[in-house]
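The structure appears right after this line, and notes come after that.
Please treat every number below as a calculation from the coordinates, not as lab data. Note that the coordinates shown come from a computational prediction; the quantities given were computed from them, not determined experimentally. A quick note on method: Cβ atoms are made from the backbone with ideal geometry, for glycine too, and the neighbour counts reach across all protein chains shown.
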Amino acid sequence: MKLLFYLYFISTLLFPTIFFNKLIFVIIISFTIVNYKLYRFNTISPFIILLIFLYGFLFSFFNNVDSVLREQFFFSVLVLFLIYPIIYYKIDIEKIAKVSGLIIAAYTALSFLIVIIFIDMPFSGPYYVFFENYSSGSNGLREFAEEGLISFHIGTVPFLYLPLILYVISFVEKKKFSSLIAILIIFTTIFVSGSRGSVLTSICATIMIIFFKSKFITKIVFFAISIPLLTILFTYLITNTSVFDTQEASNTVKIGHYESFFDHLNFFNFFLGEGLASYYYSKGVQAIKAHTELTPLDMLRYFGFILTPLLYFYIIFPTKKILCYSNKNSLYLLLVLIYVLNSITNPTMFNSYGLLIILWYWYKILDNSNVKDEEVPLI
């Protein structure tokens with residue numbers, strides 16, 4: 001079972017659309033269903049979330065939607081049911097995430113060399129076709145500065161948020177040099193991707209971890225150093241780049257998505273939504289869209305203003321035991337909230353890699369070893 005989890009995580013992160021990872025997932029889920037009596041249901045969140053998506057799936061048949069995307073969304077939430085075998089078999093999801101992060105970084109470096117550096121080599125063309133066909137990623141020029149910056153984006157690069165914070169926690173606690181090297185490798189991969197959201201959330205999460213894990217004196221020194229550095233960094237970004245410029249291409253598109261979302265609202269879709277993968281016109285791209293980078297707005301379009309808050313509530317709070325979110329678990333809560341905030345302007349939540357991060361968070365919150373016996377959730 002543990003080997004299957006390793007294969008599933010790694011194949012899903014490297015090749016999101018490949019048949020192999022879906023086959024492994026079906027095997028794991030089938031095994032879970034057959035042996036369902038073994039599992040103690042520490043949370044009902046997967047069932048509630050599935051019901052919400054089932055509503056969106058069924059309701060979508062009454063509206064104009066992208067049928068292929070609708071099925072992808074609906075089946076993606078089945079990943080959350082892996083929480084039961086993960087807890088029962090004590091799958092070391094953190095070890096899997098760390099290994100997967102380094103493999104993604106190595107795969108990024110290899111792909112960058114083949115697609116960018118050795119572009120004239122005969123194997124570069126066929127590899128790039130493979131690279132695109134399996135949704136592995138893309139490359140281009142991000143116009144953040146006047147001269148522009150080359151970006152090389154692996155499709156699952158936002159998942160690197162998880163191994164990065166795990167290595168940061170490991171380094172702060174154990175001071176291992178190998179963890180520091182892993183942090184530098186993974187953060188470089190995130191930076192090269194050109195994803196502003198991923199870079200910003202990685203920095204914020206690192207600061208949060210150091211704040212929680214350090215002694216009081218260390219915190220004072222850290223803030224005394226980091227605050228001036230961050231001030232200088234943001235001043236440079238504002239004055240010398242177009243990262244926060246509303247006229248920057250990516251920002252213009254997202255602003256257009258927001259404005260069109262509110263233009264599209266009416267009494268009925270406010271409460272009921274329009275179903276999974278429903279279309280609407282976005283003046284951000286001047287086209288009909290079923291899915292955008294603004295995940296919460298898409299969920300509001302799909303499920304309405306009643307079910308969407310409920311959806312996020314069950315994601316962030318998988319158990320009703322308040323004590324499970326206190327003490328050291330409060331750090332994990334804040335880290336996942338940072339990731340959820342990233343999904344406001346990036347499609348990093350309801351997909352294969354985003355829900356794997358939610359699985360890790362649930363495991364940390366629901367793991368019996370993190371709370372006393374009388375605090376274990378019994379739902």
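What length, rounded to one decimal in nm, is gained on full extension from I316 through to Y88, with 0.36 nm per residue of separation minus their alpha-carbon distance? Write down the numbers at each step before the final one.
Details: separation 228, 0.36 × 228 = 82.08 nm, distance 2.11 nm.
In short, 80.0 nm is gained.
Helical content of the chain, expressed as a calculated mean residue ellipticity at 222 nm, amounts to -20500 deg cm²/dmol (DSSP H runs of 4 or more residues, -39,500 (n - 2.57) each, divided by residue number, nearest 500). Simple point charges give the picture: +1 on the Cβ of Lys and Arg, -1 on the Cβ of Asp and Glu, and for the chain a dipole about the Cα centre of about 1400 debye.
Which entries in K213/K320; K90/K174; K22/K289; K175/K213; K175/K215 show an alpha-carbon gap greater than 20 Å?
Working: K213/K320 26 Å; K90/K174 23 Å; K22/K289 27 Å; K175/K213 12 Å; K175/K215 14 Å.
Those over the limit are K213/K320; K90/K174; K22/K289.
Less than 20 Å from a label point 7 Å out along the Cα-to-Cβ axis of S178: which backbone N atoms in segment 104-129 qualify, by residue? Hits in segment 104-129 for S178 at 20 Å: 104-107.
Build a GNM of the chain with springs between Cα atoms under 10 Å apart, and of T43, T348, T239 the one that fluctuates most is T239.
Look at the dipole of the chain built from charges on Cβ: of I358, Y39, L297, the Cα furthest out on the positive end belongs to Y39.
Want the number for V129 to F223: 0.36 nm per residue separation, take away the alpha-carbon distance, what's left? Walk me through the numbers before you get to the answer.
Working: separation 94, 0.36 × 94 = 33.84 nm, distance 4.67 nm.
Fully extending the segment from V129 to F223 adds 29.2 nm.
Extending each Cα 7 Å along its Cβ direction at F118 and I33, get the distance between those two points in nm, one decimal. Those two pseudo-labels are separated by 4.4 nm.
When the charge dipole of the chain is built from unit charges on Cβ atoms (+1 for Lys and Arg, -1 for Asp and Glu) and taken about the Cα centre, the candidate among L164, F62, F177 whose Cα reaches farthest toward its positive end is F177.
For F41 and L341, a Förster radius of 25 Å and the Cβ-Cβ distance give a FRET efficiency of 0.30, rounded to the nearest 0.05. Here r is the Cβ-Cβ distance between L78 and V99 and R0 is 30 Å; the resulting FRET efficiency, rounded to 0.05, is 0.80.
Given 0.36 nm per residue, what is the gain on full extension from K215 to I255 after removing their alpha carbon distance, in nm? Don't skip to the end; give the middle numbers.
Numbers: separation 40, 0.36 × 40 = 14.40 nm, distance 4.15 nm.
Once the chain is fully extended between K215 and I255, it gains 10.2 nm.
In the elastic network of the chain, a GNM with C-alpha springs shorter than 10 Å, the most mobile of S11, S226, S45 is S226.
Please give me, ordered by residue number, the trypsin sites (Lys or Arg not before Pro) of segment 184-225 that lie in loop per DSSP and have at most 15 other Cβ atoms within 10 Å.
Values: sites: R196, K213, K215, K219; in loops: K215.
When the trypsin sites (Lys or Arg not before Pro) of segment 184-225 are filtered for loop state and at most 15 Cβ neighbours within 10 Å, K215 remain.
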